[in-house]
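Reviewing the structure listed below.
The values are calculated or read from the model by the stated rules, or taken from the named source; none is laboratory data. Just so you know, these numbers come straight off a predicted model, no measurement behind them. Here the Cβ positions follow ideal geometry from the backbone for every residue, glycine too, while neighbour counts run over all protein chains shown. Side chains are part of the model used for accessible areas, which takes the heavy atoms of the whole protein and leaves out ligands, DNA and RNA. Shrake-Rupley method; radii C 1.70, N 1.55, O 1.52, S 1.80 Å.
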Amino acid sequence: MRVIGLMSGTSYDAIDAAAADLRLDGDQLVLTPLGMLSQPYPDELRAAVAGALPPAPTTMEQVCRLDTGIGQAFAAVARQAVEQLCGGYADLIVSHGQTMFHWVDGDAVRGTLQLGQPAWIAEATGVPVVSDLRSRDVAAGGQGAPLVSIIDVLWLRGLPGVPVALNLGGIANITVVHGEPVAFDTGPANALIDAVVTELTGRPFDADGVMAARGQVHEELLTRLLAEPYYGRPAPKSTGKELFNLAYVARAMEGLPEIPAEDLVATVTTLTARTVADAVRRYGGTEVVASGGGIQNPVLMHLLADELEIPVRTTDELGVPSAAKEAYAFAVLGFLTVHGLGGTVPSCTGARHSSVLGSVTPGPSGLPTITGEARPPRRLSVQ
């Protein structure tokens, strides 16, 4: 089955599309990558997303406009992916949408909202669409995140020791593949770095970690930031920009003398490395396999390697382009959905049971045709 995964993370800088041929072979799920492409959000839409995110107030009119605008933007990328990556034909499109709110209440997640109306994608491409993949896990008592954990478990469980999959998006998350797997959001990855750089310079991110490299860590501020109770909470847990935003940094800076811009960026970059490393050490990780936009920041990766003192490599070395890993993961989740197979690992999300994820928007000819009996895969092979 030829499947396209569409993804925009908490950094909401671009929409990524990754195409793959997927098939079940006994207890193995075989993924053959077909390529990826990425398109930045239109400036006006990106500004609208930023303006509606917590703690900003919003209206139902804005929500409706965003749901339509994001759906149309995803549809344009999907249409491009069908033509450029799949030779004009795909069996299924899987859309993560854009996370706008993740409702965390203490240790529980009460709801999660991803916008991007899938009807626009189905109408533009003529391909059935799986969307809204997080809500079912939340309804089953789970965190709805990190959903990529099932792919991490299937893919990395054959590696020696205690491998840890790490995603450095806006929020950082890990999957510990050993015994009964564990997965959770560790805290901010690029979320605070990008927010601080944008606030101070107007640029969207710290390109090549230049500002962090020039700065010195402000130890008192770092200590205050590390006092956030989230870091000490047990897994499974999840978080988002509802917590880790400029207000979190501003509260920690209260009463401190003015901090130079480079020092502030260096401090929040170190915060990401420290909290990720603490989480990996807590579970005895023996190597880290990293992906996400954060791996393009050499200062962050250097700090992380120094903190951990274990091998840190990228998913590229194992055959999956790091920039496309999450998009491929959602392609797999949608593939499992149309085969009637569960897409979660309960020990990773905290759900009562594994669930078949998402809602399906049919194409003109309905849903993909599934032949034969589908059995839950035990391994993922990337070819």
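Report whether or not Thr112 is among the polar types (S, T, N, Q), over 20 Å from the mean Cα position of the chain (by Cα) and outside any helix (DSSP H, G or I). Answer is no for this residue.
Residue pairs whose Cβ atoms lie under 8 Å apart, separated by 6 or more positions or on different chains, with the first residue in the range 183-209 and closer than 18 Å to Thr10 by Cα and the second surrounded by fewer than 24 Cβ atoms within 10 Å (Cβ to Cβ) and of a type in the set (Lys, Arg), are Phe184/Lys237; Asp185/Lys237; Val197/Arg203. The condition of being in contact with a helix residue (DSSP H, G or I) (Cβ under 8 Å, 6 or more places away or on another chain) and open to solvent by 30 Å² or more (accessible area, probe 1.4 Å) holds for only one of Asp21, Asp16, Asp25, Asp43, that being Asp16.
Please go through the range 1-59 and pick out each residue that is among the polar types (S, T, N, Q) and in contact with a Pro (Cβ under 7 Å, 6 or more places away or on another chain).
Gln28
All conditions in (1) open to solvent by 50 Å² or more (accessible area, probe 1.4 Å); (2) modelled with pLDDT of 95 or more; (3) not polar (S, T, N, Q) hold for Met211, with the sole exception of (1). The criterion of at least 1 residues that are out of contact with any strand residue (DSSP E or B) (no Cβ under 9 Å at 6 or more places or on another chain) is met by none of the strands (runs of 3 or more DSSP E) wholly inside the range 1-74. Filtered by the rule that a residue be surrounded by fewer than 24 Cβ atoms within 10 Å (Cβ to Cβ) and of a type in the set (Gly, Ala, Ser), the range 306-324 gives Gly319, Ser322, Ala323.
Have a look at Asp194, Asp185 and point out the one that is buried (at least 21 other Cβ atoms within 10 Å of the Cβ) and assigned to a strand (DSSP E or B).
Numbers: Asp194 fails: assigned to a strand (DSSP E or B).
Testing whether each residue is buried (at least 21 other Cβ atoms within 10 Å of the Cβ) and assigned to a strand (DSSP E or B) leaves just Asp185.
When residues in the range 288-314 are screened for being in contact (Cβ under 8 Å) with a residue 40 or more places away in the chain and among the hydroxyl-bearing types (Ser, Thr, Tyr), 1 of them pass. Consider the range 325-383 and keep the residues that are of a type in the set (D, E, K, R) and farther than 21 Å from Ser95 by Cβ. The one that is least open to solvent (accessible area, probe 1.4 Å) is Arg379. When Asp152 is tested against (1) open to solvent by 10 Å² or more (accessible area, probe 1.4 Å); (2) under 24 Å from Ile15 (Cα atoms), just one condition goes unmet, and that condition is (1).
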